Amino acid sequence: MKNMTVIAAWLMTLSACAVHAQGEVPGGKGPAELVFQNGAIYTVDVIRSWAEAVAVREGRIVYVGTKAGVAPLIGPKTRTIDLQGRMLLPGFHDSHVHLIGGGIELAECDINGMTTLEQIQNALRQYADKNPDKKWLRGGGWPLTLEYGNPRKELLDAIVADRPVILDAFDGHSSWANTRALQIAGITKDTPDPPRGRIERDPKTGEPTGTLREAASQLVVNKIPPYTHDENVAGLRRGMELANSFGITSVQEAAARDRHLEALGELDRSNKLTLRAVASMRVDPAKYESQMAQFVDWRKKYQGKRLRAISAKIFLDGVIESRTASLLEPYLGGDDRGWLNFEPEVLKPLAAELDRLGFQIHIHAIGDRAVQCSFDALEFARARNGSRDSRHHMAHIQLFHPSDLARFQKLNVVANFQPFWACADDYIVKMTEPILGPDRSRWLYPIRTVANTGAIVVGGSDWSVTTMNPLDAIQVAVTRRGLQEGPGTPWIPEEVVDLPLMIAAYTINGAYVNFQESETGSIEVGKAADLIVLDRNLFDVPRHEIHKVKVETTYLDGQVVYQRKSDVHPKP
């Protein structure tokens, strides 16, 4: 594996703080509180070593080594976990997730995973019947392949006509509204497209069809009362519970607003935050200049036990499927190149100011022009402010111009991929490749090429856009095939990656991007006992069956935050 940048970045930290397993250990002396043994323990340390036993005391790892060596730490009150051949890993890190919004969506009209109009209409009917007092019916998850990516308002009107309905697409970049919702928002055939948005229209009449792209969705959303604090807290709880069930012990909340910070802060202060969270505060194109001082205040206010507001999120472009991602050359079949939410003359000084203030910059960039402009802005910030340990990162990074691939390593920018998307699904085959052509499509999700440059690669889900389960994403990355496809020819086989790289992406590299690699991300003496037990050793599982592996138990600071009923039980 050539991912040497991350090794160089934290080798000195590890060598300085790590204590040899057989020597003095932190956290006092005496028996361990928790011991794991008789399993496949993959530490994800610098040399990617394996161990026979791990001991935990007061939430910290105090021993990693042989089974014989851990024996002196087992006392009468030690809980000894017999792994019975199962796998012990560091907890997973999701470097790009919408935990609160996704959790709220779970309680709404959740149509994620549905593929047919009939399924979605039935789900809406059932949701409307169960919620007769709701003034607005909201939900999300419809696929862009539905009705050729442009579902019409009449299809919703047939189910609910007397109340406004708005359903977000699975990717969060399009919305589908019924006639009542459009009326409340005042959207007619005479309504102009808002900046950086598009109202889809009937080609014959000019009437709005009901599908709204990017900023056009806000014309409706702005008419809806915002979620309450209690709703945000409830959404966070649901999102955390799901994350813990997938072995996730650390996240970067990808577009935090004040209400999200308040929910995270409340649970952190009450010691009910069951994962470590970095909040990436969303930069608003309409008021970014006034946000800088606010971000500084929030960074100080939300510096808690497990919460840090240290990152700023720039939402730079849209998505390829709806032709809103920003491209260097036009989409096939026209002159449209998409657009940027921040033009270069704004983006560069914005990045420089955020960097000067000490914020990590987290950029949503999908099209090759958005990726290139992101690099240009980060390079501009570095030239103006000097080099520092910023750990800026770009997320999604779907399409590249080949000349930009080496710039991650050159500029010390972290590559934040969502690997679950890297297969030839219907979106790629029917909606992406046909409007890019084969030459550009070769450079879709080039995870292996980027890793080979020495760049740091991390993994995120973008949930609720797609599954939050890291094991699903890891399987797609190492096969470049859909979960249910089984063995076969990979999509863009040059970009298939190996299992150690992907485990690192979701553990130690994920810790690195959140500035917590000395605290968590690997199983090493002195670090927090953020650990997961899997029911099988990933290295013994056929690649196309990795998604079948289950998380049995998730530990945060040595405490169980998730446990399956079938998990091994501690010996008394």
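The values are calculated or read from the model by the stated rules, or taken from the named source; none is laboratory data. Bear in mind that the values here come from a model prediction, so they are computed numbers and not experimental data. For neighbour counting, all protein chains shown are included, and Cβ atoms are generated from backbone atoms with ideal geometry for every residue, glycine included.
Points to keep in mind about this one:
- Residue within the range 190-198 that is among the polar types (S, T, N, Q) and more than 24 Å from Thr466 (Cα to Cα) present: yes
- The set of residues in the range 67-96 being within 15 Å of Phe246 (Cβ to Cβ) and small (Gly, Ala, Ser) consists of Gly91, Ser95.
- Test set (1) crowded, with 17+ Cβ neighbours inside 10 Å; (2) on the phi > 0 side of the Ramachandran plot - Gly437 fails condition number: (1)
- Of all the listed residues (Asp82, Asp129, Asp45), the sole one being of a type in the set (Asp, Glu) and closer than 30 Å to Asp168 by Cα is Asp129.
- Leading residue by the ranking (surrounded by the fewest Cβ atoms within 10 Å (Cβ to Cβ)) among those in the range 442-471 that are more than 12 Å from Asp94 (Cβ to Cβ) and of a type in the set (D, E, K, R): Arg442
- Pro72 vs. criteria over 22 Å from Ala504 (Cα atoms), in a helix (DSSP H, G or I) and either modelled with pLDDT of 95 or more or not assigned by TED's automatic domain parsing to the domain that holds Asn537 (or both): yes
- Of the residues making up the range 341-363, those that are within 28 Å of Met431 (Cα to Cα), assigned to a loop (DSSP other than H, G, I, E, B) and touching a residue at least 40 places away in the same chain (Cβ under 8 Å) are Asn341, Phe342.
- Boolean, Ala286 is out of contact with any helix residue (DSSP H, G or I) (no Cβ under 6 Å at 6 or more places or on another chain), assigned to a loop (DSSP other than H, G, I, E, B) and free of Cβ contacts under 8 Å to residues at least 24 places away in the same chain: yes
- Restricting the first member to the range 108-122 and to residues that are on the phi > 0 side of the Ramachandran plot, and the second to residues that are not in a loop (DSSP other than H, G, I, E, B), the beta-carbon pairs closer than 7 Å and six or more apart or on different chains are Gly113/Gly141.
- Flag for Arg79 being of a type in the set (Lys, Arg), surrounded by 21 or more Cβ atoms within 10 Å (Cβ to Cβ) and in contact with a strand residue (DSSP E or B) (Cβ under 7 Å, 6 or more places away or on another chain): no
- The range 155-266 holds helices (runs of 4 or more DSSP H) entirely within its bounds, and those carrying 3 or more residues that are crowded, with 23+ Cβ neighbours inside 10 Å and touching a Leu at 6+ places or on another chain (Cβ under 8 Å) map to 229-245.
- Lone unmet requirement of (1) in contact (Cβ under 8 Å) with a residue 12 or more places away in the chain; (2) over 17 Å from Ser250 (Cβ atoms) for Lys548: (1)
- Among the residues of the range 393-423, those that are aliphatic (A, V, I, L, M) and either under 22 Å from Gln475 (Cβ atoms) or touching a strand residue (DSSP E or B) at 6+ places or on another chain (Cβ under 7 Å) (or both) comprise Met394, Ala395, Ile397, Leu399, Val413, Val414, Ala415, Ala422.
- Within the range 118-134, the presence of a residue that is of a type in the set (Ser, Thr, Tyr) and exposed (fewer than 14 other Cβ atoms within 10 Å of the Cβ) is excluded.
- So Glu105, is it among the acidic types (Asp, Glu) and either free of Cβ contacts under 8 Å to residues at least 24 places away in the same chain or in a strand (DSSP E or B) (or both): no
- Residues in the range 541-572 that are modelled with pLDDT of 95 or more and β-branched (Val, Ile, Thr) were compared, and the one that is farthest from Arg237 (Cα to Cα) is Val541.
For every residue, the table says whether it meets (1) in the same structural domain as Glu253 (by TED's automatic domain parsing); (2) surrounded by fewer than 17 Cβ atoms within 10 Å (Cβ to Cβ); (3) in a loop (DSSP other than H, G, I, E, B).
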{"site": "Glu494", "(1), (2), (3)": "yes, yes, no"}
{"site": "Met502", "(1), (2), (3)": "yes, no, no"}
{"site": "Asn509", "(1), (2), (3)": "yes, no, no"}
{"site": "Ile532", "(1), (2), (3)": "no, no, no"}
{"site": "Glu552", "(1), (2), (3)": "no, no, no"}
